[in-house]
Amino acid sequence: MQILIPPAQTDCGFSMSRFKKYIPTAEMLKNNKSLLFLGHHLDDPNLFHLNRRSVSLAFFWGILIGLLPPVPIHTPLGAAAALLVRCNLPLTIAVLWIGNPFTLPIIVPSLYYLGCLVLHVEPIRAFDFTWHGFSHQLSIIWKPYLVGSIIGDLTLATSGYFLVNYFWRLNVKRRWHARQRKRAAAK
């Protein structure tokens with residue numbers, strides 16, 4: 001006869017195990033036809049585990065690559081970064097979507113204005129939507145946008161890394177204290 005013991009109920013709040021049901025398993029990705037070329041590179045367990053190191057690095061690389069100037073290679077670049085630094089691959093790809101079509105109209109001008117502020121350049125107020133206007137203004141805005149993008153991306157990605165680490169440790173600490181209170185109450 002097998003006795004089933006229910007998991008301990010704690011009121012500690014956030015838990016990464018709640019997200020496991022949304023993250024594809026290693027077997028699902030290994031059996032994906034479009035990912036067969038990766039072969040044994042998907043065998044690393046850190047690519048799919050949810051631990052503090054793997055999640056914080058996934059947030060760092062996801063934010064850093066997701067906020068790069070809009071290029072169509074964010075997903076392959078994020079996957080390559082996750083494979084190289086051995087962080088959670090599905091989470092890195094999910095965080096990449098911070099730079100999506102809904103957020104880019106806010107992100108791109110913000111990074112451009114940050115670059116103008118750093119380079120002490122007067123920002124362009126009106127944008128000409130003709131081909132000639134675009135090619136002329138692109139030669140003016142590329143440098144402030146690139147500088148603002150590098151500074152903003154590194155700042156936000158580093159902040160994301162440390163915030164995930166902080167909240168992960170805070171959650172572990174809360175859970176530990178809850179277990180201590182539960183043990184003390186049981187005595």
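The values are calculated or read from the model by the stated rules, or taken from the named source; none is laboratory data. All figures in this text were calculated on a predicted structure; none of them were measured in a lab. Note that each Cβ is placed from the backbone with ideal geometry, even for glycine, and that neighbours are counted across all protein chains shown.
Select from region 86-103 the residues that are over 21 Å from Y166 (Cβ atoms) and crowded, with 24+ Cβ neighbours inside 10 Å and list them in ascending order.
L89, L96
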- Task: Please go through region 86-95 and pick out each residue that is part of a loop (DSSP other than H, G, I, E, B) and within 12 Å of the chain's Cα centre (by Cα).
- Result: C87, N88
- Query: Would you pick out the residues in region 42-85 that are in a helix (DSSP H, G or I) and surrounded by fewer than 13 Cβ atoms within 10 Å (Cβ to Cβ)?
  - Reply: D43, P45, P76, L84
- Message: Looking at region 96-111 only, could you name the residues that are without any contact (Cβ under 8 Å) to a residue 40 or more places away in the chain and assigned to a helix (DSSP H, G or I)?
- Response: L96, L104, P105, I106, V108, P109
- Scan region 140-164 residue by residue and report those that are in contact (Cβ under 8 Å) with a residue 60 or more places away in the chain and either charged (D, E, K, R) or farther than 19 Å from G62 by Cα (or both). Y145, D153
- Those residues of region 44-79 which are within 26 Å of L111 (Cα to Cα), at pLDDT 90 or above and among the hydroxyl-bearing types (S, T, Y) amount to S56
- Taking first residues from region 40-52 that are more than 25 Å from K173 (Cα to Cα) and of a type in the set (D, E) and second residues anywhere that are part of a loop (DSSP other than H, G, I, E, B) and at pLDDT 70 or above, the pairs with Cβ under 9 Å that are 6 or more apart or on different chains are D44/R86
- Note on the structure: How many residues of region 112-141 are over 18 Å from L64 (Cα atoms), part of a helix (DSSP H, G or I) and either at pLDDT below 90 or not aromatic (F, W, Y) (or both)? The answer is 15
- Message: Considering only residues that are surrounded by fewer than 15 Cβ atoms within 10 Å (Cβ to Cβ) and either of a type in the set (S, T, Y) or outside any helix (DSSP H, G or I) (or both), which ones fall in region 160-175?
- Response: Y166
